[in-house]
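Chemist: If you scroll down you'll find the structure; I have some questions about it.
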Amino acid sequence: MAHPLFEKVAFIGLGLIGSSLARVIAAEQLADCVVASARSQKTLDDAKALGLIQQGFSNPAEAVQGADLVVLALPVRATQKVLEAIKPYLSEHTILTDVGSTKGNVVEAAKAVFGEQLPAGFVPGHPIAGSEHTGVHAGKVDLFANHKVILTPLPTSADWAVQKLIHLWAAAKAEVICMDVEKHDEVLAHTSHLPHLMAFNLVEQLANRQDNLDIFRYAAGGFRDFSRIAASDPQMWHDIFFANKKAILNAVDGFEQQLAILRKMIEDEDSQAIMGLLGHAQAARQHFNHMLAQKPLMENNKVTQQFTILPGQKTFKGKFTVPGDKSVSHRSIMFGAIAEGTTHVTGFLEGEDALATLQAFRDMGVSIEGPKNGEVTIHGVGMHGLKQPAGVLYMGNSGTSMRLLSGMLSAQAFDTVMTGDASLSKRPMERIAKPLRLMGAKIQTTGEKGTPPVSITGNQPLKGIDYDLPMASAQVKSGILLAGLWAEGETSVTEPEPTRDHTERMLRAFGYEVKTEGNRISLQGGGKLVGTDIQVPSDISSAAFFMVGAAITEGSDVTLEAVGINPTRTGVIEILKQMGADISVENERIAGGEPIADIRIRGSRTLKGIHMPEDQVPLAIDEFPALFIAAACAEGQTVLTGAAELRVKESDRIQVMADGLQAMGIDCTPTADGIIIEGKGKDGDWSAIFQGAQIESHHDHRIAMSFSMAGLRTTGEITIVGTETVATSFPTFTELANQAGLTIQVSN
């Protein structure tokens, strides 16, 4: 049997926290002996009866003798007196920790007893878990599960003591965070102490009203939820408010200042300002919850969702409107934010990537209403109106957001840092950083590979440059042009092949002159943008999955409405036509400066393998994963070259698609800049060609949706793991695909 973590543990105090930790120690067999000291003999007797301790003492000095762990689980203001009593009985190998809500006063109490050279085993701690209930009977063995425990190691704290405490709290299924004492008290003052103070104050304010009975009788759920914490122990909170006095008063000052701002908005009936404030607060809460949920999830590479598609005869029919174009949605927020006046957007894609862009501009002081049913109203602040964000800008999974914002932020008067999830943190950012440095920007990427986080130093005068793109990239082109809005003189970008021109088109829609001469795009710095109305077309990249699904399914008939057919994005249509797909573009028109049309696809003929034309590669770069599925169903060989860019997307899309296709029985060979796929289709034969398999999407939304379409022609069950990122670009994908006839089962 393994030796327990501790020989003897002594608790000083056995309330909710102490007795819960004692339950964990007992359940996990972490100590040979557990004792406690408490003021109440009944508490000690009850703890013995519950099996939490072997012995109880009224004198803490007796309890700690021979203990290798001492846990102070008592009111914070009693710390110094207890330390004075137990000091003579602590050995140099005793770990001494506490569970109090404030740390500065605990450290000061320890210094008053031990002097500046504190014991090596002294490591203050704070489990962020609790309840309105108190006492030894209130304890729960799972009280700390999925909660955070903050340890605040001191310069004098030994590593062995810190590591043992981390093991202890990990056994309680808590998430352990290390933080310095001052930071802990500041954070807790804002997130815990201030809300408790406000709850006590609100209940006291209402209780003192003459109509208090009616007030409490008709109080709604919001009041009950908020005021619940005012039922907490008054003595404990009395001690905390004094113990963390400085940080709490700073938090109160900040709250009063913000409340005064809100009061004035209401007094002035400033509708725009108050909508901006409320919208920012709502979005911030959702955004930070998402960040905190997503980051560990992605970093630990855990799968939160998977698709399962069963074999069988499938149909694929219907008329559908796919979500708004992600590229246009991003830019509508960016340009509306720096325009003068109001911009109204319809058809906005409410996926996580576009919402990350929206949140970034809210964080920089832009008032934005929505999104609601695809509608967003942006109250522009002009070219020089952005404000320094309070913290790091989180871009989630969006390379578009990070690269375009790199250009915009390089020209601002303030410093910024951009970060993203684990996937984005692996993507190359030097390709945009290098040309921006040539313009005078101070921009730093991370590590040898030049990946996020991206740090930008503000207040740098920029000068226009003539830049030849070494590799076709709409994101890099756009980032340079956006920096050029603030640069002195002309900024131009020359592309090796044409890439999507949403930036140029939308800048013109906002009244900014952009010249396009062949493959050279240029603009003069120093102009302004004027707010306008933007209709976001349906995204051709999202439509591509349904185009391929219809093209490989017998008797299919799918119409996709109001799809953007920007000539820099229509490679997927051209390639499918060359493969022999029955595809037609109907009802062409212009909306918001972008050409749109209805696209109809019918499964009426077998696709043919082709050498995909290299001039179409930049025009279909995001659609190739779906086109690989079409190639597998085609008759003969399909060859792709000139698409090295696919290897540095959300995943290495060449290798990941090749791995999945091979797992499903398709003969294919990845190359440095493309792939060779041996199609299994035969003229007039619509039978299933894919074997069932488990596919790893590497959390890449386009990989997940592409392999979903293989479910239309499969002989066995297809499981696609890591599909939670589909929400980044196509939140309604499974709903629409199932309506068309592809049954996707979603599980967590």
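Chemist: Go over the candidates Ala474, Ala433, Ala509 one by one and state the one that is small (Gly, Ala, Ser) and more than 20 Å from Ile338 (Cβ to Cβ). Even if it seems obvious, please write down each step before you answer.
Modeler: Numbers: Ala474 fails: more than 20 Å from Ile338 (Cβ to Cβ); Ala509 fails: more than 20 Å from Ile338 (Cβ to Cβ).
Selected residue: Ala433, the only one of Ala474, Ala433, Ala509 that is small (Gly, Ala, Ser) and more than 20 Å from Ile338 (Cβ to Cβ).
Chemist: Can you work out which of the residues in region 717-748 that are assigned to a loop (DSSP other than H, G, I, E, B) and closer than 16 Å to Phe316 by Cβ is modelled with the lowest pLDDT? Step through it out loud before you land on a result.
Modeler: Filtering region 717-748 down to residues assigned to a loop (DSSP other than H, G, I, E, B) leaves 717, 722-723, 729-732, 741-743, 748.
Pick out the ones that are also closer than 16 Å to Phe316 by Cβ and you get 741-743.
On the way: Gly741: 94, Leu742: 94, Thr743: 91.
Once the filter is applied, the top-ranked residue is Thr743.
Chemist: Here's a follow-up. Can Ala172 be described as touching a residue at least 60 places away in the same chain (Cβ under 8 Å) and either within 30 Å of Asp253 (Cβ to Cβ) or not polar (S, T, N, Q) (or both)? Talk me through it step by step, then tell me what you get.
Modeler: Details: touching a residue at least 60 places away in the same chain (Cβ under 8 Å): yes; either within 30 Å of Asp253 (Cβ to Cβ) or not polar (S, T, N, Q) (or both): yes.
When the stated conditions are applied, Ala172 passes them.
This table checks each residue for (1) among the β-branched types (Val, Ile, Thr); (2) modelled with pLDDT of 95 or more.
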residue	(1), (2)
Ile583	yes, yes
His611	no, yes
Leu619	no, no
Asp622	no, no
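Chemist: A further question follows. Does region 79-99 include one or more residues that are over 38 Å from the mean Cα position of the chain (by Cα), open to solvent by 60 Å² or more (accessible area, probe 1.4 Å) and under 25 Å from Lys173 (Cα atoms)?
Modeler: Restricting attention to region 79-99, the residues satisfying the condition of being over 38 Å from the mean Cα position of the chain (by Cα) are 79-94.
Subsequent filtering for residues that are open to solvent by 60 Å² or more (accessible area, probe 1.4 Å) retains 80-81, 84, 87-89, 91-93.
Right, trim to under 25 Å from Lys173 (Cα atoms) and you get none.
Among the residues of region 79-99, not one is over 38 Å from the mean Cα position of the chain (by Cα), open to solvent by 60 Å² or more (accessible area, probe 1.4 Å) and under 25 Å from Lys173 (Cα atoms), which makes the answer no.
Chemist: Among the numbered conditions (1) exposed (fewer than 12 other Cβ atoms within 10 Å of the Cβ); (2) at pLDDT 80 or above; (3) within 23 Å of Gly135 (Cβ to Cβ), tell me where Ala260 comes up short.
Modeler: (3)
Chemist: Within region 174-210, how many residues turn out to be open to solvent by less than 30 Å² (accessible area, probe 1.4 Å) and not polar (S, T, N, Q)? Full working, then the answer.
Modeler: Taking region 174-210 as the starting set, the residues that turn out to be open to solvent by less than 30 Å² (accessible area, probe 1.4 Å) are 174, 181, 184-185, 188-189, 192-194, 196, 199, 206.
Now restrict to residues that are not polar (S, T, N, Q): 174, 181, 184-185, 188-189, 193-194, 196, 199, 206.
Qualifying residue count, region 174-210: 11.
Chemist: Looking only at region 596-628, how many residues end up being open to solvent by 20 Å² or more (accessible area, probe 1.4 Å) and farther than 25 Å from Gly674 by Cβ?
Modeler: Result for region 596-628: 5.
Chemist: Then there is this: Please enumerate the residues belonging to region 16-58 that are among the polar types (S, T, N, Q) and touching a residue at least 12 places away in the same chain (Cβ under 8 Å).
Modeler: As a first pass, look at region 16-58 and keep what is among the polar types (S, T, N, Q): 19-20, 29, 37, 40-41, 43, 54-55, 58.
Within region 16-58, Ser19, Ser20, Gln29, Ser37, Gln41, Thr43, Gln54, Gln55, Ser58 qualify.
Chemist: Please enumerate the residues belonging to region 350-381 that are farther than 17 Å from Glu340 by Cβ and open to solvent by 20 Å² or more (accessible area, probe 1.4 Å). Give the derivation first.
Modeler: Just the residues of region 350-381 that are farther than 17 Å from Glu340 by Cβ, to begin with: 350-360, 362-363, 369-376.
The answer is Glu350, Glu352, Leu355, Asp363, Glu369, Gly370, Pro371, Lys372, Asn373, Glu375.
Chemist: For region 526-553, give me each residue that is touching a Phe, Trp or Tyr at 6+ places or on another chain (Cβ under 7 Å) and surrounded by fewer than 19 Cβ atoms within 10 Å (Cβ to Cβ). Can you show your working first?
Modeler: Filtering region 526-553 down to residues touching a Phe, Trp or Tyr at 6+ places or on another chain (Cβ under 7 Å) leaves 527, 529-530, 532, 536, 542, 546, 549-550, 553.
Selection gives Gly527, Val530.
Chemist: Same structure, new question: Residues Ala171, Ala138: which one is modelled with pLDDT under 85, under 30 Å from Val34 (Cα atoms) and surrounded by 16 or more Cβ atoms within 10 Å (Cβ to Cβ)? Walk me through how you get there before you give the answer.
Modeler: Values: Ala171 fails: modelled with pLDDT under 85.
When all the criteria are applied, what remains is Ala138.
Chemist: Show the residue pairs that are 6+ apart or on different chains and have beta-carbon atoms under 6 Å apart, the first residue being within region 236-249 and touching a residue at least 60 places away in the same chain (Cβ under 8 Å) and in a helix (DSSP H, G or I), the second being surrounded by 15 or more Cβ atoms within 10 Å (Cβ to Cβ) and aliphatic (A, V, I, L, M).
Modeler: Note: pairs meeting the criteria are Asp239/Val76; Ala243/Val76; Ala247/Ala189.
Chemist: Could I ask something else about it? Out of Val70, Val64, which single residue is touching a strand residue (DSSP E or B) at 6+ places or on another chain (Cβ under 7 Å) and modelled with pLDDT of 95 or more? So that I can check it myself, show each step before the final result.
Modeler: Numbers: Val64 fails: modelled with pLDDT of 95 or more.
After applying the criteria, what remains is Val70.
Chemist: Can you tell me which of (1) over 17 Å from Ala509 (Cα atoms); (2) crowded, with 19+ Cβ neighbours inside 10 Å is the one Gly564 doesn't meet?
Modeler: (1)
Chemist: Within region 103-162, can you find the residues that are in contact with a Pro (Cβ under 6 Å, 6 or more places away or on another chain) and hydrophobic (A, V, I, L, M, F, W, C)? Walk me through how you get there before you give the answer.
Modeler: Start the filter on region 103-162 by keeping residues that are in contact with a Pro (Cβ under 6 Å, 6 or more places away or on another chain), which leaves 103, 106, 123, 144, 149, 152, 162.
Hits for region 103-162 are Val106, Val123, Phe144, Val149, Val162.
Chemist: Only residues that are of a type outside the set (A, V, I, L, M, F, W, C), surrounded by fewer than 19 Cβ atoms within 10 Å (Cβ to Cβ) and under 26 Å from Leu712 (Cα atoms): list them for region 567-585, please.
Modeler: Glu574, Lys577, Gln578, Gly580, Asp582, Ser584 - these are the residues of region 567-585 that are of a type outside the set (A, V, I, L, M, F, W, C), surrounded by fewer than 19 Cβ atoms within 10 Å (Cβ to Cβ) and under 26 Å from Leu712 (Cα atoms).
Chemist: May I pose another question? Out of everything in region 102-135 that is small (Gly, Ala, Ser), without any contact (Cβ under 8 Å) to a residue 60 or more places away in the chain and in a loop (DSSP other than H, G, I, E, B), what residue ends up being least open to solvent (accessible area, probe 1.4 Å)?
Modeler: Here is the first cut: in region 102-135, the ones small (Gly, Ala, Ser) are 104, 109-110, 112, 115, 120-121, 125, 129-131, 135.
If we keep only those that are without any contact (Cβ under 8 Å) to a residue 60 or more places away in the chain too, we end up with 109-110, 112, 115, 120-121, 125.
From the residues that got through so far, the ones that are in a loop (DSSP other than H, G, I, E, B) too are 115, 120-121.
Values: Gly115: 27, Ala120: 41, Gly121: 1 Å².
Checked region 102-135; the qualifying residue least open to solvent (accessible area, probe 1.4 Å) is Gly121.
Chemist: Follow-up. Return yes when Ser157 is under 24 Å from the mean Cα position of the chain (by Cα), open to solvent by less than 40 Å² (accessible area, probe 1.4 Å) and of a type in the set (Ser, Thr, Tyr) and no when it is not.
Modeler: Working: under 24 Å from the mean Cα position of the chain (by Cα): no; open to solvent by less than 40 Å² (accessible area, probe 1.4 Å): yes; of a type in the set (Ser, Thr, Tyr): yes.
No; evaluated as a whole, the condition is false for this residue.
Chemist: Would you say Pro428 is touching a residue at least 60 places away in the same chain (Cβ under 8 Å) and assigned to a loop (DSSP other than H, G, I, E, B)?
Modeler: Numbers: touching a residue at least 60 places away in the same chain (Cβ under 8 Å): yes; assigned to a loop (DSSP other than H, G, I, E, B): yes.
The answer is yes for Pro428.
Chemist: Of all residues in region 489-521, how many are open to solvent by less than 60 Å² (accessible area, probe 1.4 Å), polar (S, T, N, Q) and assigned to a strand (DSSP E or B)?
Modeler: Qualifying residue count, region 489-521: 3.
Chemist: Please go through region 337-349 and give me each residue that is closer than 16 Å to Lys326 by Cα and either surrounded by 24 or more Cβ atoms within 10 Å (Cβ to Cβ) or in contact with a Cys (Cβ under 8 Å, 6 or more places away or on another chain) (or both), ordered by number.
Modeler: Initially, region 337-349 is screened for residues closer than 16 Å to Lys326 by Cα, giving 345-349.
Listed by number, the residues that qualify are Val345, Gly347, Phe348, Leu349.
Chemist: Out of all the residues in region 608-636, which are closer than 17 Å to Ala688 by Cα and in contact with a strand residue (DSSP E or B) (Cβ under 7 Å, 6 or more places away or on another chain)?
Modeler: Selection gives Lys608, Phe628, Ala631, Ala632, Cys633, Ala634, Glu635, Gly636.
Chemist: Only one of (1) farther than 23 Å from Ala543 by Cβ; (2) surrounded by fewer than 20 Cβ atoms within 10 Å (Cβ to Cβ) is not met by Pro670, so which one is it?
Modeler: With respect to (1) farther than 23 Å from Ala543 by Cβ; (2) surrounded by fewer than 20 Cβ atoms within 10 Å (Cβ to Cβ), Pro670 is out only on (2).
Chemist: Of everything in region 382-401, what is aliphatic (A, V, I, L, M), more than 22 Å from Lys649 (Cβ to Cβ) and open to solvent by less than 20 Å² (accessible area, probe 1.4 Å)? Give them in sequence order.
Modeler: Here is the first cut: in region 382-401, the residues aliphatic (A, V, I, L, M) are 383, 386, 390, 392-393, 395.
Narrowing the set further to residues that are more than 22 Å from Lys649 (Cβ to Cβ) leaves 383, 386, 390, 392.
Answer for region 382-401, where residues must be aliphatic (A, V, I, L, M), more than 22 Å from Lys649 (Cβ to Cβ) and open to solvent by less than 20 Å² (accessible area, probe 1.4 Å): Met383, Leu386.
Chemist: So, in region 403-425, of the ones that are part of a helix (DSSP H, G or I) and of a type in the set (S, T, N, Q), which residue ends up surrounded by the most Cβ atoms within 10 Å (Cβ to Cβ)?
Modeler: First, the residues of region 403-425 that are part of a helix (DSSP H, G or I): 403-409, 424-425.
Then keep just the ones that are of a type in the set (S, T, N, Q); that gives 406, 425.
Working: Ser406: 27, Ser425: 19.
Across region 403-425, the extreme among qualifying residues is Ser406.
Chemist: Select, from Met429, Met395, the only residue that is of a type outside the set (Gly, Ala, Ser) and more than 11 Å from the chain's Cα centre (by Cα). Spell out the reasoning first.
Modeler: On the way: Met395 fails: more than 11 Å from the chain's Cα centre (by Cα).
Just a single option satisfies the conditions, and that option is Met429.
Chemist: Restricting the search to region 597-619, which residues are in contact with a Phe, Trp or Tyr (Cβ under 8 Å, 6 or more places away or on another chain) and assigned to a strand (DSSP E or B)?
Modeler: Ile601
Chemist: Kindly indicate which of Gly711, Gly722, Gly684, Gly692 is open to solvent by less than 10 Å² (accessible area, probe 1.4 Å) and out of contact with any helix residue (DSSP H, G or I) (no Cβ under 8 Å at 6 or more places or on another chain). If you could, list the steps in order and put the result at the bottom.
Modeler: On the way: Gly722 fails: out of contact with any helix residue (DSSP H, G or I) (no Cβ under 8 Å at 6 or more places or on another chain); Gly684 fails: open to solvent by less than 10 Å² (accessible area, probe 1.4 Å); Gly692 fails: open to solvent by less than 10 Å² (accessible area, probe 1.4 Å).
Result: Gly711 is the single residue among Gly711, Gly722, Gly684, Gly692 that is open to solvent by less than 10 Å² (accessible area, probe 1.4 Å) and out of contact with any helix residue (DSSP H, G or I) (no Cβ under 8 Å at 6 or more places or on another chain).
Chemist: Confirm whether Phe307 is at pLDDT 85 or above and in a strand (DSSP E or B). Don't jump to the end; show me each part of the working.
Modeler: Values: at pLDDT 85 or above: yes; in a strand (DSSP E or B): yes.
Against the criterion (at pLDDT 85 or above and in a strand (DSSP E or B)), Phe307 qualifies.
The values are calculated or read from the model by the stated rules, or taken from the named source; none is laboratory data. None of the values given here were measured: they were computed from a predicted structure. Glycine also receives a Cβ, built like all others from the backbone with ideal geometry; neighbour counts cover every protein chain displayed. Protein only, heavy atoms only, side chains kept; ligands, DNA and RNA dropped before computing areas. Shrake-Rupley method; radii C 1.70, N 1.55, O 1.52, S 1.80 Å.
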